[in-house]
Amino acid sequence: MAPPRGFAYQEFEARTARAQAAMARRGVEGVLLTSEAEIRYFSGFHTLFWQSPTRPWFLYLPASGKPIAIIPEIGAALMRRGWLKDIRTWAAPCPKDDGISLLVDLLAPLAARGATLGLMMGHETHLHMPLADYQRLLEALPGLKLADVTGEVQALRWVKSPAEIAKIAHICGIAGQAFAQADALFHEGQPLDEAFAAFRIACLKLGADDVPYLVGGAAQGGYDDVISPPTAAPLRAGDVLMLDTGATFDGYFCDFDRNFAMARADDASRRAYDVLFAATEAGLDAARPGATCAAVFAAMQRVITRHSPDAGAVGRLGHGLGMQLTEQPSLAGFDTGILQENMVITLEPSLSYGAGRMMVHEENIVVQNGAPRLLSPRAPAALPIIGGRAIIGGRS
């Protein structure tokens, strides 16, 4: 059964309270948010209208009380259905004043007393407004001080609530059911783009809201690229087919892949798969509360380099997951972030082998007290063959 859509207002109240406690510790009197995930996290405002780059959207977190929305009038009706009451709008687009005067009026009291405003300025953030408008805003508020609150906001989003985890688990289950239909979905002679379409349709029929991210590849004995759009090249016996899906339910993503051999698999592909399965097992064993992201990365990388010394270097072997396909933290050697209970992350070991071939394996887990819980159905322990033996699950 699908979990309920949306969240109880208490969820947003708790998120806001935690943010305001972090603001108080930093001496920040307000935070201005401009990007989709953060605005949705604190307001519940969920719309595909973010696909349009025309209009900026703003959410202000005061030191106490509810957030204040400063948004184009076109979004007012949807925003009013949520828990926020103070919603200030303008007729957008208006290039001469796309919400800037409303922001100046809101922030002027902070500027007058030389208070500090928090903005997200760090890694994996962006300013969803014209740079010229941002400069105009600061020029109109000369007394305002600025502070980077990227760490505080991202830390809040690292740890998921039970309701968030239920949504991610549900979409992982849907994608897992679609992958379990591999023998029926994929076949020799099928154009790769049709294979992608068949998988996407299967996810939608099983209850996914959308499949906005679907990448992969297929080639003899392994693929050399995992981000290109699919071509019309037909699947052939001996190909290794990989699909990596980011399907969504109620605004939350899954993000895991599966590898399949068409009719037969060569020894190099089987060995690569075995190494990545073992590396994922090492990641599952290492992903405990209190472990650093770097330690989980190292546990997987040790397995890869022990079995495949020439496996190649990658920046990270996993990441956070939630409202965005990839979130902080990174499972990388540079990330000293500490795993906490109820963090949802991916384990994504990869390696290069043979003549320019590569393989990627990915699972989704939630960190909990003791062993993590797999949200994606565990991949088979050996490289599955389409048209051969059954596609079966491994560790659960």
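When Lys66, Lys85 are checked against the criterion of being open to solvent by 20 Å² or more (accessible area, probe 1.4 Å) and in contact (Cβ under 8 Å) with a residue 24 or more places away in the chain, Lys66 stands alone in meeting it. Here is a check on your reading of the model: is Gly290 touching a residue at least 12 places away in the same chain (Cβ under 8 Å) and on the phi > 0 side of the Ramachandran plot? Here the answer is yes, as Gly290 does meet what is asked.
Within region 18-43, restricting attention to residues that are within 24 Å of the chain's Cα centre (by Cα) and more than 25 Å from Ile100 (Cβ to Cβ), which residue is most open to solvent (accessible area, probe 1.4 Å)?
In the first step, residues of region 18-43 are kept if they are within 24 Å of the chain's Cα centre (by Cα); the result is 18-19, 22, 31-43.
With more than 25 Å from Ile100 (Cβ to Cβ) added as a condition, the list becomes 18, 22.
Values: Arg18: 112, Ala22: 9 Å².
Checked region 18-43; the qualifying residue most open to solvent (accessible area, probe 1.4 Å) is Arg18.
Whenever a residue of region 189-213 is under 23 Å from Leu321 (Cα atoms) and touching a residue at least 40 places away in the same chain (Cβ under 8 Å), its partners that are in a loop (DSSP other than H, G, I, E, B) and open to solvent by less than 60 Å² (accessible area, probe 1.4 Å), lying with C-beta atoms within less than 7 angstrom and at least six residues away or across chains, give the pairs Phe196/Pro230; Gly207/Ala2; Asp209/Asp250; Tyr213/Leu325.
Listed by first and then second residue, the pairs with beta-carbon distance under 8 Å, at least 6 apart or on different chains, first residue in region 327-356 and in a loop (DSSP other than H, G, I, E, B), second among the basic types (Lys, Arg), are Leu331/Arg316; Ala332/Arg316; Asp335/Arg316; Leu339/Arg288; Asn342/Lys160; Glu348/Arg316.
Here are some residues: Ala112, Ala108. Which one is open to solvent by 60 Å² or more (accessible area, probe 1.4 Å), modelled with pLDDT of 95 or more and under 25 Å from Glu139 (Cα atoms)? Testing whether each residue is open to solvent by 60 Å² or more (accessible area, probe 1.4 Å), modelled with pLDDT of 95 or more and under 25 Å from Glu139 (Cα atoms) leaves just Ala112. If the condition is being more than 13 Å from Leu321 (Cβ to Cβ) and among the polar types (S, T, N, Q), then region 333-389 contributes Thr336, Gln340, Ser350, Ser352, Gln368, Asn369. Yes or no: Lys167 open to solvent by 30 Å² or more (accessible area, probe 1.4 Å) and basic (Lys, Arg)? So Lys167 fails the test.
Thr231 satisfies every condition listed in (1) in contact with a helix residue (DSSP H, G or I) (Cβ under 6 Å, 6 or more places away or on another chain); (2) more than 19 Å from Asp266 (Cβ to Cβ); (3) open to solvent by less than 50 Å² (accessible area, probe 1.4 Å); (4) not in a helix (DSSP H, G or I) except (3). The numbered conditions (1) hydrophobic (A, V, I, L, M, F, W, C); (2) touching a residue at least 40 places away in the same chain (Cβ under 8 Å); (3) touching a Phe, Trp or Tyr at 6+ places or on another chain (Cβ under 9 Å); (4) open to solvent by less than 50 Å² (accessible area, probe 1.4 Å) are all true for Leu59 except (2). A count restricted to region 308-326 and to residues that are buried (at least 17 other Cβ atoms within 10 Å of the Cβ), farther than 17 Å from Ile171 by Cα and not basic (Lys, Arg) stands at 6. When region 205-224 is filtered for residues that are part of a loop (DSSP other than H, G, I, E, B), within 23 Å of Ala261 (Cα to Cα) and open to solvent by 50 Å² or more (accessible area, probe 1.4 Å), only Asp224 remains. Cβ-Cβ distances below 8 Å connect the following pairs, each with a first residue in region 114-127 that is among the β-branched types (Val, Ile, Thr), a second residue that is open to solvent by 30 Å² or more (accessible area, probe 1.4 Å), and a separation of six or more residues or different chains: Thr116/Arg26; Thr116/Gly27; Thr116/Glu29; Thr116/Lys145; Thr116/Leu146. Residue-level check: of (1) at pLDDT 95 or above; (2) within 25 Å of Met323 (Cβ to Cβ), Leu137 misses just (2).
Residues that are out of contact with any strand residue (DSSP E or B) (no Cβ under 7 Å at 6 or more places or on another chain) and polar (S, T, N, Q) within region 265-306 comprise Gln301, Thr305, listed in sequence order.
Taking the condition of being open to solvent by 80 Å² or more (accessible area, probe 1.4 Å) and either in a helix (DSSP H, G or I) or closer than 27 Å to Gly251 by Cβ (or both), how many residues in region 186-199 meet it?
Residues of region 186-199 open to solvent by 80 Å² or more (accessible area, probe 1.4 Å): 187-188, 194.
Now narrow it down to the ones that are either in a helix (DSSP H, G or I) or closer than 27 Å to Gly251 by Cβ (or both): 194.
So the answer is 1.
Taking the listed residues Leu119, Leu141, the one that is under 28 Å from Gln10 (Cβ atoms), open to solvent by less than 90 Å² (accessible area, probe 1.4 Å) and not small (Gly, Ala, Ser) is Leu119, with no other qualifying.
Going by what's in this entry, would Ile174 be described as over 24 Å from Arg236 (Cα atoms) and either more than 21 Å from the chain's Cα centre (by Cα) or in a helix (DSSP H, G or I) (or both)?
Details: over 24 Å from Arg236 (Cα atoms): yes; either more than 21 Å from the chain's Cα centre (by Cα) or in a helix (DSSP H, G or I) (or both): yes.
When the stated conditions are applied, Ile174 passes them.
Just one of the listed residues (Arg258, Arg271, Arg302) is of a type in the set (Lys, Arg), in contact (Cβ under 8 Å) with a residue 24 or more places away in the chain, out of contact with any Gly (no Cβ under 6 Å at 6 or more places or on another chain) and open to solvent by 30 Å² or more (accessible area, probe 1.4 Å), and it is Arg271.
Look at region 370-382: where a residue is on the phi < 0 side of the Ramachandran plot and a partner is modelled with pLDDT of 95 or more and part of a loop (DSSP other than H, G, I, E, B), sitting 6+ places away or on another chain with Cβ atoms under 6 Å, you get Pro372/Ala287.
The values are calculated or read from the model by the stated rules, or taken from the named source; none is laboratory data. As the structure is a computational prediction, the values presented were derived from the model and not from experiment. No Cβ is skipped: glycine too gets one built from the backbone with ideal geometry, and neighbour counts run over all protein chains shown. These accessible areas exclude ligands, DNA and RNA; they are computed on the full protein's heavy atoms, side chains included. Shrake-Rupley method; radii C 1.70, N 1.55, O 1.52, S 1.80 Å.
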